[in-house]
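The values are calculated or read from the model by the stated rules, or taken from the named source; none is laboratory data. Being a predicted model, the structure only gives us computed values, none of them experimental. Calculation scope for accessible area: heavy atoms of the full protein, side chains included, ligands and nucleic acids excluded. Shrake-Rupley method; radii C 1.70, N 1.55, O 1.52, S 1.80 Å.
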Amino acid sequence: MVQIIQGKEVTLVDLVEKFNLQRSQDKQFFREWQDNLPELSEADKQTLIEVKAEYLHLSQYTILEPVVKMVVLSPLLRLAGFYNPPFYIASEREVEISSEDEETIIRGRIDILVFQPPFWVLVIEAKRAEYSLVPAIPQALAYMLTNLTSERPAFGFVTNGSEFRFIKLVQAQTPQYALSDLFALDSRDDIDNVVKILKRLAQLVSQR
């Protein structure tokens, strides 16, 4: 009998056992979040100060996923240039992936997908503020696995508004992934670094 797993319920164990996903131990595997990051303009920095202040104000009450997208994600994607050519944005993109033996199917919806036709650039999962990013990581990875027909690496970005983490996944005989450090909104320079990394990913994709 075919087992159907909803994307929001998938675990890393599911991905390892059913899709042979492995975490890379190579320190050079995911350098994109560390190397050659661009500088931010003074206007960028001012926008991020405002984003941080607005989020901290609104977070006195429960912040749901749509508010995280509106208050935090939207300005970050704009600063990174993802609203301009050659990029496009899709929301609630339905995806499905089957295990090699076709006994397991994962179905779900990508919160936000940044793409440069015909390639995916960034899979984004946004969670409500009080949620941990830990369960968001396998969910994002499952959706990224549906894009493994591409020879390009796939990148993911998970956030709950106050924390941020990047993911890289590459196609190989055994698909491999790695994670960036965890960034926090209330750390002094972390939000600046998040935008620098987003800008860097945009640069890399545009150069291909």
Handout entry: Accessible area of the chain divided out per residue, in Å², using a probe of 1.4 angstrom
Key = 52 Å²
Practice task
Please state, to two decimals, what the Cα-based radius of gyration of the chain comes to when divided by 2.2 N^0.38 Å (N = residues).
Solution key: 1.00
Fill in the blank from the handout: Too long for a 18 Å Cα-Cα cut-off, among 69/168; 168/196; 52/168, are 69/168; 52/168
Practice task
In a Gaussian network model over the chain where Cα atoms closer than 10 Å are linked, find which of 49, 110, 63 has the largest mean-square fluctuation.
Solution key: 49
Handout entry: Mean residue ellipticity (222 nm) of the chain, computed from DSSP H runs ≥ 4 via -39,500 (n - 2.57), nearest 500
Key = -9000 deg cm²/dmol
Fill in the blank from the handout: Of 127, 45, 168, the most mobile residue in a GNM of the chain (C-alpha springs, cutoff 10 Å) is 45
Exercise for the section: Over the stretch 1-137, with every protein chain in place, what whole percent of the accessible area is carbon and sulfur at 1.4 Å, could you tell me? Expected result: 51 percent
Handout entry: Base-10 log of normalised Debye intensity for the stretch 26-90 (one unit scatterer per alpha-carbon) at q = 0.14, 0.18, 0.25 Å⁻¹
Key = -0.59, -0.87, -1.09
Handout entry: Distance from the stretch 54-114 to the stretch 164-208 (C-alpha centre basis), Å
Key = 14 Å
Exercise for the section: Could you work out which residue, out of 24, 91, 162, moves most in a Gaussian network model of the chain, that is, has the largest mean-square fluctuation with Cα springs under 10 Å? Expected result: 91
Exercise for the section: Give me the aspartates and glutamates in straight-line cross-link reach of residue 18: C-alpha distance below 16 Å, same-chain residues under 8 apart excluded. Expected result: 9, 96, 100, 101, 102, 103
Fill in the blank from the handout: Too long for a 31 Å Cα-Cα cut-off, among 8/45; 27/199; 45/127, are 8/45
Exercise for the section: With a 1.4 Å probe and every protein chain left in place, tell me how much accessible area residue 169 has, in Å² to the nearest 10. Expected result: 0 Å²
